[in-house]
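Enquirer: This structure is in structure tokens; I'll ask about it shortly.
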Amino acid sequence: MRLERTAPRSYTPMTEEERRHRAESTGGEPVLDYGGGNGSDSTAYIDYHSVDVLLGLQHPRTGEPAELSFYITGQIQELLFKLLFTEVNRIRDLLFADDVDDALRYLRRAERVQRVLTTSWEPVSTITPTEFAAFRDQLGSASGIQSYMYRQLEFALGNKSSRMADPYKPVDWVHQQVVAALRAPSLYDAALTVLHRRGLGVPAHHVDRDFAEPYQPHPSVEEAWARVYRSHREHRDLYALAEALCELNQQYAQWRYTHLLTVERILGHKPGTGGTSGIDWLRKVAEHRFFPELLTARSTI
Ligand code: HEM
């Protein structure tokens, strides 16, 4: 497995008591000796965050200064996709365990992660067409559309498509992860299970489905969400859940539109490195929304 090379170095943990003694001995000032001791060529900070590995992973292919902004933003977003994917799965599991309160707590964090994702476009949006053209050829056929973390995130949120999992087949260890996310229940599947258990009229066959298949909206689900909104005092936690899911959907759309506007500004109508028409294709996928009945129910309230 590829990730072995990023295995963390070992480091020595410290207790509250030890930290208190140390702060007393320095009079509250920082300890200005970062050495690991015992002949170690590292520091505790490097070891804990694997900083040496992380800062050794930037390999721009040209001397164009703007390439580093593009490169590092891509890496930052991959990390944030991973964080968001992990949080979304945690929230899904809490909903399956009927713990709506804790799910709401983690949904607040997930939304903050999404906001960071959207603002992380800032450096890239300053790249001019001339600067981008100076390193674009080096990308070859590499495109964000191939991001396996992003694809898993889309699946975890409920945008299932086996067609988008198939292209990873030649890279077995990636394909296994993507297929696992495709087959797993999504966050929305978990939310609908809660509605079903609360007797809001969502039938069992609708929640017990083949999770790898694209989700098909159902009138009973629209009616269930509408009931939650109409009787929100009776269903306080589900009302909060519905609004938190809407926020997640909206923040995701914000990321997609900011990407779209950034690409339009840099690339105009040139085709993408991933083989699409570029901006026209991105405009089409930006129209996608998660949790469909949560939006359609609004027309009936
Ligand atoms: C100069 C900056 C960028 C340009 C011009 C650009 C362009 C494009 C284009 C044209 C596509 C459509 C697929 C294709 O044919 O390639 C695409 C898709 C995509 N890009 Fe970017 N991109 C940029 C930066 C980034 C960055 C930094 C990320 C973060 C990892 C990213 C993530 C994605 C993702 C995830 C998709 C697939 C979207 C989907 O399937 O809904 N892009 N990009």
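The values are calculated or read from the model by the stated rules, or taken from the named source; none is laboratory data. Quantities reported herein were computed from a predicted structural model and do not represent experimental measurements. We place every Cβ from the backbone using ideal geometry, glycine too, and count neighbours over all the protein chains shown. The accessibility values were calculated without ligands, DNA or RNA, using every heavy atom of the protein model including side chains. Shrake-Rupley method; radii C 1.70, N 1.55, O 1.52, S 1.80 Å.
Enquirer: Quick one: Trp121 ticks every box in (1) open to solvent by less than 50 Å² (accessible area, probe 1.4 Å); (2) out of contact with any helix residue (DSSP H, G or I) (no Cβ under 7 Å at 6 or more places or on another chain); (3) within 16 Å of the ligand (Cβ to nearest atom) bar one, so which box is it?
Expert: (2) is the only condition that Trp121 fails.
Enquirer: Would you please list the contacts, defined by Cβ atoms under 6 Å and residues six or more apart or on different chains, that run from a residue in segment 253-275 that is in contact (Cβ under 8 Å) with a residue 40 or more places away in the chain and within 20 Å of Met164 (Cα to Cα) to a residue that is within 6 Å of the ligand (Cβ to nearest atom) and open to solvent by 40 Å² or more (accessible area, probe 1.4 Å)?
Expert: Pairs found: Gly274/Ile145.
Enquirer: Restricting the first residue to segment 143-165 and requiring it to be over 14 Å from Tyr188 (Cα atoms) and modelled with pLDDT of 95 or more, which pairs with a second residue that is near the ligand (Cβ under 10 Å from one of its atoms) and not in a helix (DSSP H, G or I) meet a Cβ separation below 7 Å and a spacing of at least six or different chains?
Expert: Pairs that qualify, where the first residue is over 14 Å from Tyr188 (Cα atoms) and modelled with pLDDT of 95 or more and the partner is near the ligand (Cβ under 10 Å from one of its atoms) and not in a helix (DSSP H, G or I), are Ser143/Gly272; Ser143/Thr273; Ser143/Gly274; Ile145/Gly274; Gln146/Gly274.
Enquirer: Search segment 73-106 for residues being away from the ligand (no atom under 16 Å from the Cβ) and among the polar types (S, T, N, Q), and hand back the single one that is surrounded by the most Cβ atoms within 10 Å (Cβ to Cβ).
Expert: Asn89
Enquirer: From Glu213, Glu222, Glu247, grab the single residue that is more than 11 Å from the ligand (Cβ to nearest atom), open to solvent by 80 Å² or more (accessible area, probe 1.4 Å) and touching a helix residue (DSSP H, G or I) at 6+ places or on another chain (Cβ under 9 Å). Give the steps one after another, and end with the answer.
Expert: Values: Glu222 fails: open to solvent by 80 Å² or more (accessible area, probe 1.4 Å); Glu247 fails: open to solvent by 80 Å² or more (accessible area, probe 1.4 Å).
Selected residue: Glu213, the only one of Glu213, Glu222, Glu247 that is more than 11 Å from the ligand (Cβ to nearest atom), open to solvent by 80 Å² or more (accessible area, probe 1.4 Å) and touching a helix residue (DSSP H, G or I) at 6+ places or on another chain (Cβ under 9 Å).
Enquirer: May I ask you to verify whether Gly158 is out of contact with any helix residue (DSSP H, G or I) (no Cβ under 6 Å at 6 or more places or on another chain) and more than 9 Å from the ligand (Cβ to nearest atom)?
Expert: Details: out of contact with any helix residue (DSSP H, G or I) (no Cβ under 6 Å at 6 or more places or on another chain): no; more than 9 Å from the ligand (Cβ to nearest atom): yes.
The answer is no for Gly158.
Enquirer: I need the full set of residues from segment 161-188 which are of a type in the set (S, T, N, Q), touching a helix residue (DSSP H, G or I) at 6+ places or on another chain (Cβ under 8 Å) and in a helix (DSSP H, G or I), in order please.
Expert: Selection gives Ser162, Gln177.
Enquirer: Only one of these conditions is not met by Leu295: (1) away from the ligand (no atom under 16 Å from the Cβ); (2) open to solvent by 70 Å² or more (accessible area, probe 1.4 Å); (3) aliphatic (A, V, I, L, M). Which number is it?
Expert: So Leu295 meets the others, but not (2).
Enquirer: So, one more: Being under 25 Å from the mean Cα position of the chain (by Cα) and either more than 10 Å from the ligand (Cβ to nearest atom) or free of Cβ contacts under 8 Å to residues at least 24 places away in the same chain (or both) is the filter here; which residues of segment 124-139 pass it?
Expert: Thr126
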